[in-house]
Amino acid sequence: DCTEVLYGDDSEKVAPVLYELAELKEATNQSEALALFGKCLDIQKRKLGQTHPEVANTLQKMGSIHASKENFHKAYDCFAGAVDIQQIIFSESDPRLAETYHMLGSAARKGGDPERALPFLLEAFAIRDENGYQRQICDTLQEIGHVHRQLKDPTAAISCYTESIKILSEAYGDKDERLGDMYLSLGHAKRDNELTTEAVKSYVKALNIQKDAHASGHPKLAAPLRSLG
C-alpha cells in the first residue's frame, strides 16, 4: 500500500513489491497470492511489455500455484504463456525453458491430456539430457513414463522408469528415497503389462526403500503396501 501511495498503483515500481508479497502469501493463502500475482502481471504487461522475462516468471509462478491447487487447465494456460515468451528470449537449450516445458507437460497430463503433454516433455528431456542434469532428467523420464501409462503403452512406460532408476541409482546410490516412488511406478507399469511377478518385486523394492527412509506408519509406506495387498 505504501508503494502504491508513493508511485501510484499502475507504476512499474509497484510490480516487484506485489511479486514479493505474493511469494510470502504462497504458503498461507494461495488464493490471495494468485490475486497479487495477477495484479503484478497486469502491471508488468503494460509497463514492461508482453514478452518481458518478468512476465514469464510471474506466469510460471501462477501456473505452479494453480497446479498445486489441482487446477491443471489454468496451470497449463499459465505455463503455455510463459513458454511462448521464453522461446523468444532464451536459447533452445536453456535449462529454464526445459523447466517450463516439463511443468507444461505435467499440467497437460494431470489435466487428462497425455497426447498434448508428450511433445513438451520430450522437449524438456532433450534439453536436460544435453545439459546433463541427472536429477531433472529422471524427473522428466518419470513424467514421460506416466504419460505412456495413460496412453495404454506400459512397455514404453517400463522403459522410461527403468532408465530413470538406472540414472538415479548411479548418481545417488541405490538407497536414494526418490527411488521408492520410481520403483512404485515401475511396478504399476509391469502390472499393467501383466508381469505380475516382476511387479511384486518392484513393489517390494519400493517398500524397502521407504522403510529405510521413514519410520513405521509414515504415509510413504502406504502406497507400496496397498499395491502388494
Hey, among the residues in the range 182-219 that are more than 27 Å from ASP153 (Cα to Cα) and among the hydrophobic types (A, V, I, L, M, F, W, C), which one's surrounded by the fewest Cβ atoms within 10 Å (Cβ to Cβ)?
-> ALA215
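Assess whether GLU4 counts as being open to solvent by 40 Å² or more (accessible area, probe 1.4 Å), over 24 Å from ALA117 (Cβ atoms), modelled with pLDDT of 95 or more and assigned to a helix (DSSP H, G or I).
Working: open to solvent by 40 Å² or more (accessible area, probe 1.4 Å): yes; over 24 Å from ALA117 (Cβ atoms): yes; modelled with pLDDT of 95 or more: no; assigned to a helix (DSSP H, G or I): yes.
Considered against the rule, which asks whether it is open to solvent by 40 Å² or more (accessible area, probe 1.4 Å), over 24 Å from ALA117 (Cβ atoms), modelled with pLDDT of 95 or more and assigned to a helix (DSSP H, G or I), GLU4 comes out as no.
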Mind telling me which of the residues TYR161, TYR172 ends up being surrounded by fewer than 23 Cβ atoms within 10 Å (Cβ to Cβ) and in contact with a helix residue (DSSP H, G or I) (Cβ under 9 Å, 6 or more places away or on another chain)?
-> TYR172
Going by the conditions given, is GLY112 crowded, with 17+ Cβ neighbours inside 10 Å, under 22 Å from the mean Cα position of the chain (by Cα) and not charged (D, E, K, R)?
-> no
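Residues checked against (1) part of a helix (DSSP H, G or I); (2) touching a residue at least 24 places away in the same chain (Cβ under 8 Å); (3) touching a helix residue (DSSP H, G or I) at 6+ places or on another chain (Cβ under 9 Å):
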| residue | (1), (2), (3) |
| --- | --- |
| LYS39 | yes, no, yes |
| THR51 | no, yes, yes |
| ILE85 | yes, yes, yes |
| SER91 | no, no, yes |
| LEU97 | yes, yes, yes |
| THR100 | yes, yes, yes |
Determine whether PHE125 is at pLDDT 95 or above, farther than 20 Å from LYS201 by Cβ and touching a Phe, Trp or Tyr at 6+ places or on another chain (Cβ under 7 Å).
-> no
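Kindly indicate which of ASP84, ASP94 is closer than 25 Å to ILE137 by Cβ, out of contact with any Leu (no Cβ under 8 Å at 6 or more places or on another chain), open to solvent by less than 40 Å² (accessible area, probe 1.4 Å) and charged (D, E, K, R). I'd like the intermediate steps shown before the answer.
Details: ASP84 fails: open to solvent by less than 40 Å² (accessible area, probe 1.4 Å).
Just one listed residue meets the conditions, ASP94.
Does the range 90-110 include one or more residues that are at positive phi and of a type outside the set (S, T, N, Q)?
No, because not a single residue in the range 90-110 is at positive phi and of a type outside the set (S, T, N, Q).
Condition test on VAL17, is it open to solvent by less than 70 Å² (accessible area, probe 1.4 Å) and under 16 Å from GLY81 (Cβ atoms)?
Details: open to solvent by less than 70 Å² (accessible area, probe 1.4 Å): yes; under 16 Å from GLY81 (Cβ atoms): no.
Here the answer is no, as VAL17 does not meet what is asked.
The values are calculated or read from the model by the stated rules, or taken from the named source; none is laboratory data. Treat the numbers as computed from the prediction; the structure is a model and nothing was measured. Neighbour counts run over all protein chains shown; Cβ positions are idealised from the backbone, glycine included. With ligands, DNA and RNA removed, areas are computed over all heavy atoms of the protein, side chains included. Shrake-Rupley method; radii C 1.70, N 1.55, O 1.52, S 1.80 Å.
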